[in-house]
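Asker: Pasting in a structure now, in structure tokens, and then I'll have a few things to ask.
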Amino acid sequence: MDTTDTSHADRHRSIAFIGLGIMGGPMAANLVRAGHRVTGHNRSRAAVDRLVSVGGHGAGSIAEAVKDADVVITMLPALSEVTEVVLGEAGVLAHARPGMLLIDMSTVSPHTAITLAEAGRERGVRVLDAPVSGGETGAVEAVLSIMAGGSAADFEEASPLFHALGTTVVHVGPHGAGQTVKAANQLIVAANIQALAEAVVFLEKAGADLAAALTVLGGGLAGSTVLSRKQGAMVSRDFAPGFRIDLHHKDLGIVMDTARAIGAVLPVGSLVAQLLASCRANGDGGLDHSALLRGVERLSGDERID
Ligand code: NAD
């Protein structure tokens, strides 16, 4: 269900935001901008200071961040961090007030989302899984695509917060459904970036005018958000993240594990998962996923690859 509901829009909430990284930092800042009281907590202090500098509040522990919160948002790298922060002895659920709403916006598996929802229910905490797409730019510009799983009532309550962070906000089903859709998103994005990387190497080796080629490709059926957003990084060979290969590798693991469990056969998905694994094995895990280009260059004997 798409929603443009703004009935709660003027209701300012007390939000604890845990995980102020590439995505969480700008997302928390956008919630401050929308008028909410946002208390941020992060493993490293510099990210908390950045939130304080734009009008947020800082907390030195999870307990301190969540003690007065109506809503807790987590935006953490992966399963181990989400498990520690939400379920750990010093974690969110250990300090949560009954009735609180926990929104996990990290990308984890559908199975993990269901586990969090069940653990929340035991503590009287309502839970939504609400992973996002749109990258760092989408987070900064508050134009993320947000796919939410959980109850319709909890989704409706969270809607004004989601609309402060993104422009495409959809309730896609029960607990775990948001993560299922996000896994599909990551499959599509990885395959697209790999195809673009192969086209770039193909065009360069053929001696084509790369800039002209990418311009005309962008206007036809080959055009895509991936092409428009990632061609710059590939042409300039600036692979600062963005979205790290390590994280996309994690996401393709979720895709392939889930596919195996449900009997879906994803030949391109399994190949791209291996190509991401190769980039990591060659030391590129900390680079943006546009560095899949380096993997294609490596396979093609490009001298620029050290
Ligand atoms: P990131 O590594 O930049 O940010 C994660 C933050 O969590 C860091 O600041 C880290 O210090 C903090 N953290 C880790 N463990 C912690 C703990 N125990 N307690 C408190 N803070 C802790 O990652 P990111 O790129 O912002 O991604 C966050 C999530 O969003 C991931 O699941 C990722 O897959 C997903 N995602 C990322 C992008 C993107 O383009 N970067 C896009 C969509 C979704």
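The values are calculated or read from the model by the stated rules, or taken from the named source; none is laboratory data. Remember, it's a predicted structure, so these values are computed and weren't measured experimentally. Cβ coordinates were reconstructed from backbone atoms using ideal geometry, including for glycine residues, and neighbour counts include every protein chain displayed.
Asker: Would you pick out the residues in the range 86-102 that are surrounded by fewer than 18 Cβ atoms within 10 Å (Cβ to Cβ) and outside any helix (DSSP H, G or I)?
Answerer: Passing the criteria: G88, E89, A90, R97, P98, G99.
Asker: Can you tell me which residue in the range 138-161 is farthest from L31 (Cα to Cα), limited to those that are within 14 Å of the ligand (Cβ to nearest atom) and in a helix (DSSP H, G or I)?
Answerer: This residue is G138.
Asker: Can you find a residue in the range 176-193 that is within 24 Å of I305 (Cβ to Cβ), of a type in the set (K, R) and either part of a helix (DSSP H, G or I) or in contact with a strand residue (DSSP E or B) (Cβ under 8 Å, 6 or more places away or on another chain) (or both)?
Answerer: no
Asker: Anything in the range 18-29 that is over 15 Å from the mean Cα position of the chain (by Cα) and within 11 Å of the ligand (Cβ to nearest atom)? List them, or say none.
Answerer: As a first pass, look at the range 18-29 and keep what is over 15 Å from the mean Cα position of the chain (by Cα): 29.
Answer for the range 18-29, where residues must be over 15 Å from the mean Cα position of the chain (by Cα) and within 11 Å of the ligand (Cβ to nearest atom): there is none.
Asker: Oh, and also: What about A117, is it closer than 24 Å to M147 by Cβ, touching a residue at least 12 places away in the same chain (Cβ under 8 Å), away from the ligand (no atom under 13 Å from the Cβ) and touching a Gly at 6+ places or on another chain (Cβ under 9 Å)? Outline the logic, then answer.
Answerer: On the way: closer than 24 Å to M147 by Cβ: yes; touching a residue at least 12 places away in the same chain (Cβ under 8 Å): yes; away from the ligand (no atom under 13 Å from the Cβ): yes; touching a Gly at 6+ places or on another chain (Cβ under 9 Å): yes.
Yes, satisfied.
Asker: Report, by residue number, each residue of the range 116-140 that is of a type in the set (S, T, Y) and either at pLDDT below 95 or surrounded by fewer than 18 Cβ atoms within 10 Å (Cβ to Cβ) (or both).
Answerer: Residue satisfying the conditions is T137 alone.
Asker: Could you check the range 33-45 and list, in sequence order, the residues that are surrounded by fewer than 21 Cβ atoms within 10 Å (Cβ to Cβ) and more than 9 Å from the ligand (Cβ to nearest atom)?
Answerer: R33, A34, G35, R37, R45
Asker: With the checklist (1) closer than 21 Å to G176 by Cα; (2) without any contact (Cβ under 8 Å) to a residue 24 or more places away in the chain; (3) of a type in the set (A, V, I, L, M) in hand, flag the one item L87 doesn't pass.
Answerer: Among (1) closer than 21 Å to G176 by Cα; (2) without any contact (Cβ under 8 Å) to a residue 24 or more places away in the chain; (3) of a type in the set (A, V, I, L, M), the lone unmet condition for L87 is (2).
Asker: Do the conditions hold for T83, that is, is it assigned to a strand (DSSP E or B), of a type in the set (S, T, Y) and more than 9 Å from the ligand (Cβ to nearest atom)?
Answerer: no
Asker: I'm trying to understand the selection: among the residues of the range 230-240, which are surrounded by fewer than 20 Cβ atoms within 10 Å (Cβ to Cβ) and under 18 Å from the mean Cα position of the chain (by Cα)?
Answerer: A240
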